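Q: Next up is a structure, given as structure tokens.
Coordinate-derived values only; no laboratory data. Model, not experiment: these values are computed from the prediction. A quick note on method: Cβ atoms are made from the backbone with ideal geometry, for glycine too, and the neighbour counts reach across all protein chains shown.
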Amino acid sequence: MDTRIVAADEAGLTEAAGLLLAGNLVAFPTETVYGLGGLASRTESIRSIFTAKGRPITDPLILHLPEPDLEKAVAEGWVAGPLPQSAVALTKNHWPGPLTLILRRGPKAHREMTAGLDTVAIRCPAHPAAQKLLQKVGAPLAAPSANRFGRISPTDAEAVRQELGGRIPLILDGGSCSIGLESTVVSLVSPSPEILRPGAITPDQIAGILGSVPPLRRASTKKEMAQIAPGQLSSHYAPRTPLYLCESPIRFFNPDFFHVLFRKSEGPISKTAILLTTDGNLESAARQLYRALRTADSSGCHAILVEPVPEGLWADAIRDRLARASSGTAAWDGNSWKLLGGNKT
Ligand code: TXA
Ligand code: MG
């Protein structure tokens, strides 16, 4: 199959909506990462999302709504009522935006989309092209990140082509994603709210609305993980080249390694290095992180070394993704980096 990239202008959006309504898949930009969309009401579209991604059917998809209106999603049968007050308050403040809520599944939300769970993940993206596309389609789209399963999420159209070229007919090009990390996932089906995936909406922002900081739910066993957060496998968001988390800042470079830096150093940096932020701002680091990992992956280097993430807004989310992408840690012995494997669970 030929995969075309078209601009997310009026003509591109009309073509994309037509393809989606006919049951095809289209990759489209959101403010977080690119999504791989298919009609949520159509079983074949949902099945082809799993096939195109190579994603296990046990890993549920997020429902993307055209409007930031949870009551409507209940009325249409996607979410089961009554809605928790927390859901109403969170969506009032953070939709459209990078916040996904886990709620009780309504009868219209297909079991294959929710991987057989009684809950459904739901979000309303803020990117203008995503909104226009959803409005043209006039119905919710099921959309995971537009990468092959377990790999780095794409933050521009070319990265989607690298992941899914030949598997989908169309990629809508809306430029680089402004956030660059996937949405924050908050579960509202447990006795008290829990964060299943840290993201751009921070625990403090959620606490500002709900009154307390929701804990980050971490599964201790694979079985537990499959029950509470099926997609939260520890080995995820990964480049093909082994990635190591450095125990201290990188001061010296080894041309065999690719170095991902968060701190400006005195001298010039190596050709096999990328500085993610020049002013310590983690928002710009997040925006560039996945592209840097793709560059590192195609550099031919034997390993990718990543400096410790400094404190700051989104540090949790960045650390979470890097931990999932990593094969181990790296320790400086005074002369060279020693690669220590096996920190994966
Ligand atoms: O920013 C985002 O959320 C992007 C853009 C495209 O919207 N989408 C995205 O989708 O990251 P995906 O499928 O790559 O990640 C969705 C995450 C997975 O970890 C999945 O397991 C979890 O949400 N999830 C989906 N439904 C769930 C449910 N019912 N209960 C718990 N976790 C769920
Ligand atoms: Mg994903």
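Q: Treating only the Cβ atoms of Lys and Arg (+1) and Asp and Glu (-1) as charged, compute the dipole magnitude of the stretch 229-345 about its Cα centre; round to the nearest 20 debye.
A: 320 debye
Q: Relative contact order of the stretch 1-96: what whole-number percent is it, with Cα pairs under 8 angstrom and at least 6 residues apart?
A: 14 percent
Q: Quick check: the distance between the Cα centres of the stretch 273-292 and the stretch 51-121, to the nearest angstrom?
A: The two parts, judged by their Cα centres, are 31 Å apart.
Q: Rg to Rh for the stretch 49-204: what is it, with Cα atoms only and Rh by Kirkwood?
A: On the Cα set of the stretch 49-204, Rg over Rh gives 0.94.
Q: What percentages, rounded to whole numbers, describe P(r) for the chain computed over all alpha carbon pairs with 10 Å bin width beginning at zero?
A: 6, 26, 34, 24, 10, 2, 0
Q: Indicate, rounded to the nearest 5 percent, the antiparallel portion of the DSSP beta bridges found entirely in the chain.
A: 45 percent
Q: Calculate how steeply helix 43-53 sits against the longest principal axis of the alpha-carbon atoms of the chain, using the helix alpha-carbon long axis, and give the answer as 0 to 90 degrees to the nearest 10.
A: Once rounded, one gets 10 degrees.
Q: Using only Cα positions of the stretch 1-78, each an equal point scatterer, no hydration layer, compute I(q)/I(0) via Debye at q = 0.13, 0.21, 0.24, 0.28 Å⁻¹ and quote the log10 values to two decimals.
A: The computed values of log10 I(q)/I(0) come out as -0.46, -1.16, -1.36, -1.46.
Q: If you average 1/r over every pair of different alpha-carbon atoms in the stretch 44-86 and take one over that average, what Kirkwood value in Å do you get?
A: Here the Kirkwood hydrodynamic radius works out to 12.4 Å.
Q: List every residue whose amide H lies under 5 Å from the amide H of I5, counting only residues 5 or more places away in sequence or on a different chain, with H placed 1.01 Å from N in the peptide plane.
A: Counting only residues 5 or more places away or on other chains, the set is I171.
Q: Does anyone have the angle between helix 10-21 and the longest principal axis of the chain? Alpha-carbon axes, 0 to 90°, nearest 10?
A: The helix 10-21 is inclined about 70 degrees to the chain.
Q: Another one. Could you give me the percent of Cα pairs per 10 Å distance bin for the stretch 148-205, shortest bin first, beginning at zero and ending with the bin that holds the maximum distance?
A: Histogramming the stretch 148-205 at 10 Å steps yields 20, 37, 26, 16, 1 percent.
Q: Taking square-rooted eigenvalues a ≥ b ≥ c of the alpha carbon gyration tensor, is the stretch 239-345 rounded, prolate or oblate, where a/c under 1.5 means rounded and, failing that, a/b exceeding b/c means prolate?
A: Judged from the Cα gyration tensor, the stretch 239-345 comes out rounded (a/c under 1.5).
Q: Name the residue, out of P268, P214, P96, whose mean-square fluctuation peaks in a Gaussian network model built on the chain with Cα pairs under 10 Å.
A: With Cα springs under 10 Å in the chain, the top fluctuation among P268, P214, P96 is at P268.
Q: Please give the helix 282-297 orientation as an angle from the longest Cα principal axis of the chain, in degrees from 0 to 90, rounded to the nearest 10.
A: Helix 282-297 sits at roughly 70 degrees to that axis.
Q: Which value, in debye to the nearest 20, describes the size of the charge dipole of the chain about its Cα centre when Lys and Arg Cβ atoms bear +1, Asp and Glu Cβ atoms bear -1, and nothing else is charged?
A: 800 debye
Q: To the nearest 20 debye, what is the magnitude of the charge dipole of the stretch 88-219 about its Cα centre, counting +1 on the Cβ of each Lys and Arg and -1 on the Cβ of each Asp and Glu?
A: 360 debye
Q: Next up: Take the stretch 21-124, compute every pairwise Cα distance, and split them into 10 Å bins from 0; I just need the percent in each bin.
A: The percentages, shortest bin first, are 15, 49, 32, 4.
Q: For the chain, what does the relative contact order come out to in percent, with C-alpha contacts under 8 Å and a separation of six or more?
A: In percent, rounded to a whole number, it is 19.
Q: Same structure again: Please report the projected area of the stretch 252-307's Cα convex hull averaged over all directions, in nm².
A: Value for the stretch 252-307: 3.6 nm².
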